[in-house]
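K.L.:
Attaching a single structure in C-alpha cells format; questions to follow.
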Amino acid sequence: MEKGPPTSADRLRAAGIHLAVCVVVAALVALVVFLCWYPAPFADLTHVTPIFLMLVGIDIVVGPALTLVVAKPTKPRAELLRDLSVIALLQLGALAYGVHSVASARPVALAFEVDLFRLVTANEIDDASLAEAPAALRELPWRGPRLMAVVKPDDPSEQLRTIDLGLAGVPLAALPKYWRDYASLADEVWRKSKPVALLLEKHPQVAADVQAAAAAAGQPVSALRFLPLLSRQASWVTLMAPGAKVVGHLPVDGFF
C-alpha cells in the first residue's frame with residue numbers, strides 16, 4: 001500500500017532525526033579536533049573553540065531547520081527525498097570546508113626560538129619548505145604540536161632575510177630549514193629560562209597551577225623555570241623542570 005504525503009508530525013520527526021544525526025556527527029568531529037589536533041591547552045592558545053562552535057552550530061541549526069521547511073505535508077515523497085538529499089550534501093560540504101579550515105590551522109610545532117617558545121600552525125608553513133627540514137621533522141604532526149628548537153642562520157644574508165620575514169609576520173620558527181631536535185638545544189633553553197619565582201611574583205594567582213605542575217614533575221616549585229610562549233592569538237608562559245623538560249603552560253604574560 002502506497003504511503004501518502006508526510007504529515008506535520010512527519011516533518012517534526014524528520015527534523016528531529018536530522019538534528020540527532022547532526023549532533024552525533026558534530027560530537028565525533030569535536031573528539032578529533034580537541035583530542036587529536038588541538039589537545040589541551042592548545043585549543044585555548046589558538047582560540048579555535050569559538051570558531052569551531054560557530055561552524056558546527058550553524059551546521060546543526062540550519063540543516064534541521066531546512067528539513068522542517070521542505071518537508072511539507074503536500075510535497076510528493078520523491079521530491080521530498082530530492083530536497084533532503086540536497087540539504088544533506090550542502091551540509092556535508094559546509095562541514096568539510098569548516099573541518100578543513102580547522103585542520104589547516106592546527107598547531108604543529110612548539111618551538112624554542114632564541115629566548116621564547118613559539119606555537120606554529122600548519123598554515124604558517126610553506127609546504128615546499130618542509131624538504132629543507134631535518135629528515136625526522138619533515139612530517140607535520142596530527143596529534144598536537146611537536147616539541148623542537150630552531151637555530152639562527154650563520155650567513156649574514158640569511159640573517160637579513162629572516163629578519164625581513166619576521167617583520168612581515170613569518171617567524172623563524174615557521175622556517176623548517178632551521179628546525180632542530182629539541183634535545184640538542186635543551187641546555188640553551190634552560191640557560192635562557194627564568195626562575196619561576198619571578199613569574200609568581202608578578203602573577204601570584206597561578207601559584208596553585210605552578211605547584212600542581214611541580215608535583216606532577218616530581219620537583220619542588222623552586223626548581224621550575226619558565227619562558228614566554230607566543231601564538232598568533234595569545235601570550236602565555238611555558239613551565240620547565242630541570243633538563244628543560246616542558247611540564248605545563250599557563251595563560252599569563254611572560255614578558256617582563
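K.L.:
So is Val170 surrounded by 14 or more Cβ atoms within 10 Å (Cβ to Cβ) and either closer than 13 Å to Ala111 by Cα or modelled with pLDDT of 95 or more (or both) or not?
P.N.:
So Val170 does not fit the description; no.
K.L.:
Now for a separate question. Exactly one condition in (1) β-branched (Val, Ile, Thr); (2) touching a strand residue (DSSP E or B) at 6+ places or on another chain (Cβ under 8 Å); (3) farther than 27 Å from Ala105 by Cβ is not met by Val150; state its number.
P.N.:
The one condition Val150 does not meet is (3).
K.L.:
Another question, if that's okay. Consider Thr46 carefully, then state whether it is among the polar types (S, T, N, Q) and open to solvent by less than 60 Å² (accessible area, probe 1.4 Å).
P.N.:
In short, yes.
K.L.:
Suppose we filter Arg161, Arg232 for residues that are among the charged types (D, E, K, R), open to solvent by 80 Å² or more (accessible area, probe 1.4 Å) and either in contact (Cβ under 8 Å) with a residue 40 or more places away in the chain or within 14 Å of Val120 (Cα to Cα) (or both); which single one remains?
P.N.:
Answer to the selection: Arg232.
K.L.:
Looking at this structure, is Cys22 under 13 Å from the mean Cα position of the chain (by Cα) and of a type in the set (A, V, I, L, M, F, W, C)?
P.N.:
Judged against the criteria, Cys22 is not a match.
K.L.:
Sticking with this one: In this structure, does Phe52 turn out to be at pLDDT 90 or above, touching a strand residue (DSSP E or B) at 6+ places or on another chain (Cβ under 8 Å) and open to solvent by less than 30 Å² (accessible area, probe 1.4 Å)?
P.N.:
So Phe52 fails the test.
K.L.:
Using the structure shown, decide if Val189 is among the aliphatic types (A, V, I, L, M), at pLDDT 95 or above and surrounded by 14 or more Cβ atoms within 10 Å (Cβ to Cβ).
P.N.:
yes
K.L.:
Kindly indicate the residue of segment 68-121 that is polar (S, T, N, Q) and at pLDDT 90 or above and also surrounded by the most Cβ atoms within 10 Å (Cβ to Cβ) among those meeting that condition.
P.N.:
That would be Thr121.
K.L.:
Which one is nearest to Phe255 (Cα to Cα), of the residues in segment 192-204 that are of a type in the set (A, V, I, L, M, F, W, C) and crowded, with 16+ Cβ neighbours inside 10 Å?
P.N.:
Here the residue is Leu199.
K.L.:
Would you check if there is a residue in segment 139-155 being open to solvent by less than 40 Å² (accessible area, probe 1.4 Å) and among the charged types (D, E, K, R)?
P.N.:
no
K.L.:
Of the conditions (1) open to solvent by 40 Å² or more (accessible area, probe 1.4 Å); (2) aliphatic (A, V, I, L, M); (3) under 29 Å from Phe256 (Cα atoms), Ala136 fails just one. Which one is it?
P.N.:
Here Ala136 clears every test but (3).
K.L.:
Given the criteria farther than 22 Å from Leu119 by Cβ, open to solvent by 60 Å² or more (accessible area, probe 1.4 Å), part of a loop (DSSP other than H, G, I, E, B) and not β-branched (Val, Ile, Thr), does Gln219 qualify?
P.N.:
In short, yes.
The values are calculated or read from the model by the stated rules, or taken from the named source; none is laboratory data. Nothing here was measured: the structure is a model prediction, and the numbers come from that model. Note that we place each Cβ from the backbone using ideal geometry, even for glycine, and neighbour counts take in every protein chain shown. Just the protein is used for accessible areas: all its heavy atoms, side chains included, with ligands, DNA and RNA removed. Shrake-Rupley method; radii C 1.70, N 1.55, O 1.52, S 1.80 Å.
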